[in-house]
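Data first, discussion second: the structure below is written as structure tokens.
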Amino acid sequence: MNLLEQQLHYPFGETLPDTAKTIEIAPGVLWIRMGLPFALNHINLWLLEDEIDTGQGPVHGWTAIDCGIASDATRDAWEILFGDLNNHLRGLPIVRVIATHCHPDHIGLADWLCSRWNAQLWMTAGEYAFARMMSASLPGADGTAMFPHFRKHGLVDTAMQEQIQERKNHYTRLVPTVPTAYHRLQEGIAVIIHQRPWQIICGFGHSPEHASLYCAELNILISGDMLLPRISTNVSVFAIEPEANPVQQYLDSLQKYLPLPEDVLILPSHGKPFKGLHTRVQQLQDHHAERLEEVKAACATARSAMDIVPIMFRRPLDAHQLTFAIGEALAHLHKLWYDGILHRQQGSDGVMRFVVK
């Protein structure tokens with residue numbers, strides 16, 4: 001554990017679910033862990049025991065929170081779970097799929113799960129719209145828009161440009177289809193799961209309209225990617241919203257969690273279940289304050305987002321990691337620019353640079 005992690009409490013210690021196995025977190029709340037082919041090598045998925053009225057009578061089963069990417073390995077793991085009558089699922093079906101947000105590891109297999117079980121997809125309007133746009137590769141939301149955006153912000157290395165160009169179909173590979181209809185989640189309107197209300201908390205900065213779910217009766221928060229115990233949530237400026245201020249949006253969103261109890265059990269999408277909500281929020285606020293000070297100091301001379309990447313990320317990055325790193329560097333530059341601390345100007349080479357006023 002790093003020093004920040006040591007300030008948090010992990011009720012399950014080092015225990016992790018094996019592939020295609022479950023751990024019961026609380027009565028009717030199951031933890032699943034699926035693999036990912038990235039440096040961030042896993043995602044946590046959650047199953048909540050539930051009952052849905054289908055119009056033909058109630059059906060007892062499970063609400064799935066997030067889905068994993070669309071891959072043979074993930075589908076195979078789900079099939080093993082469905083077929084093992086001795087596990088916590090007890091052979092019951094999936095009756096509803098909730099996606100916290102539109103990123104591939106969260107919604108990739110939603111269409112497959114919904115089709116297999118004739119279940120409905122539930123998510124916020126912002127996340128559903130972005131998932132549909134990106135899966136359909138609409139202009140501006142497609143992978144080809146990424147390259148000129150990064151070039152404008154200082155990515156001039158030819159070899160890395162080529163690697164990023166090769167990733168233009170990244171989203172559609174991992175999210176080939178999205179259900180053509182959905183049920184909207186909204187902040188302030190609780191979702192009733194197994195006769196318990198789950199409050200929707202919408203967060204911004206990481207994705208368009210991220211949904212976390214909090215159940216006061218169980219004192220459990222399914223945080224998605226908004227609160228992670230080990231790493232900070234990525235907040236990036238991307239081509240489709242080039243003037244965004246996601247760091248500010250994310251910091252504002254963190255305030256929404258502070259009314260929850262300090263001892264709430266947080267079920268994150270990556271890492272282990274933990275307690276210490278207010279401590280973790282303060283850690284994340286401090287983290288971004290430190291990064292902003294670093295970026296401000298670096299901008300004593302004019303800097304592009306690409307110039308800021310090695311200051312914020314002091315390790316080698318592959319093409320996948322670099323896209324997020326440039327986006328996050330630009331996000332911190334944008335906050336300082338919106339706050340009136342930095343001035344920006346596009347040079348004759350087409351690159352946007354920021355400097356302290």
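Structure notes:
- Rounded percent of accessible protein surface that carbon and sulfur make up, the range 35-126, 1.4 Å probe: 49 percent
- Each peptide in 202-208, 32-38, 137-143 gets a packing score, the mean of other Cβ atoms within 10 Å over its residues, and the list from highest to lowest is 202-208, 32-38, 137-143.
- Dipole magnitude for the chain: computed about the Cα centre from +1 point charges on Lys and Arg Cβ and -1 point charges on Asp and Glu Cβ, it is near 620 debye.
- Counting only DSSP beta bridges with both residues in the chain, the antiparallel share comes to about 75 percent.
- Sites Asn169 and Ala73 - FRET efficiency at Förster radius 25 Å, r taken between beta-carbons, to 0.05: 0.85
- Where the chain is the region considered: accessible area per residue in Å², 1.4 Å probe: 43 Å²
- Whole-number percent relative contact order across the range 94-228, with pairs defined as alpha carbons under 8 Å at least 6 apart: 26 percent
- Using R0 = 56 Å, the C-beta based FRET efficiency linking Ala289 and Leu85 works out to 0.65.
- Take the Cα of Leu317, step 7 Å toward its Cβ, do the same at Ala125, and the gap between the two points is 3.4 nm.
- Carbon and sulfur %, accessible surface of the range 280-357 computed with the full protein complex present, 1.4 Å: 52 percent
- FRET efficiency, 1/(1 + (r/R0)^6) with R0 22 Å, evaluated for Ser232 and Arg344 via beta carbons: 0.35
- Structural size metrics of the chain, computed from C-alpha coordinates, are Rg and Dmax of 20.7, 67 Å.
- In this structure, the amide hydrogen of Trp62, modeled 1.01 Å from its nitrogen in the peptide plane, lies closer than 5 angstrom to those of Asp50, Ile94, Val95, Arg96, counting only residues at least 5 positions away or on a different chain.
- Inter-part distance, the range 89-154 to the range 169-213, computed on C-alpha centroids, equals 10 Å.
- Of the residues Val95, Ala20, Phe130, the one whose Cα sits farthest toward the positive end of the charge dipole of the chain, with +1 on the Cβ of Lys and Arg and -1 on the Cβ of Asp and Glu, is Phe130.
- Counting DSSP beta bridges with both ends in the range 217-357, the antiparallel % (nearest 5): 65 percent
- The residue among His332, Leu228, His287 whose Cα reaches farthest toward the positive pole of the charge dipole of the chain, with charges on the beta-carbon of Lys, Arg, Asp and Glu, is His332.
- Exceedance of the 22 Å cut-off in Cα-Cα distance is limited, within the set Lys152/Lys296; Lys256/Lys357; Lys21/Lys168; Lys168/Lys272; Lys168/Lys335; Lys256/Lys335, to Lys256/Lys357; Lys21/Lys168; Lys168/Lys272; Lys168/Lys335.
- Label positions at Glu5 and Asp18, each projected 7 Å from the Cα along the C-beta direction, are separated by 2.3 nm.
- Among 166-173, 272-279, the order from most to least packed when residues are scored by Cβ within 10 Å on average: 272-279, 166-173
- Span-like helix ranges in the chain, DSSP H, alpha carbon extent 27 angstrom or more, Kyte mean at least -1.0: 319-338
- Rounded to whole Å, sorted largest first: equivalent-ellipsoid semi-axes of the range 1-150, Cα gyration tensor: 27, 23, 14
- Under the convention that each Lys and Arg Cβ holds +1 and each Asp and Glu Cβ holds -1, the size of the dipole of the range 132-268 around its Cα centre is about 340 debye.
- Considering only alpha-carbon pairs that sit under 8 angstrom and 6 or more positions apart, the relative contact order computed for the chain is 15 percent.
- For the range 7-74: Kirkwood Rh in Å [reciprocal of mean 1/r, alpha carbons]: 13.9 Å
The values are calculated or read from the model by the stated rules, or taken from the named source; none is laboratory data. Predicted, not measured: the structure shown is a model, and the values here were computed from it. Note: ideal-geometry Cβ built from the backbone for every residue, glycine included; neighbour counts use all protein chains shown. Keep in mind that these areas ignore ligands, DNA and RNA; they rest on the heavy atoms of the full protein, side chains included. Shrake-Rupley method; radii C 1.70, N 1.55, O 1.52, S 1.80 Å.
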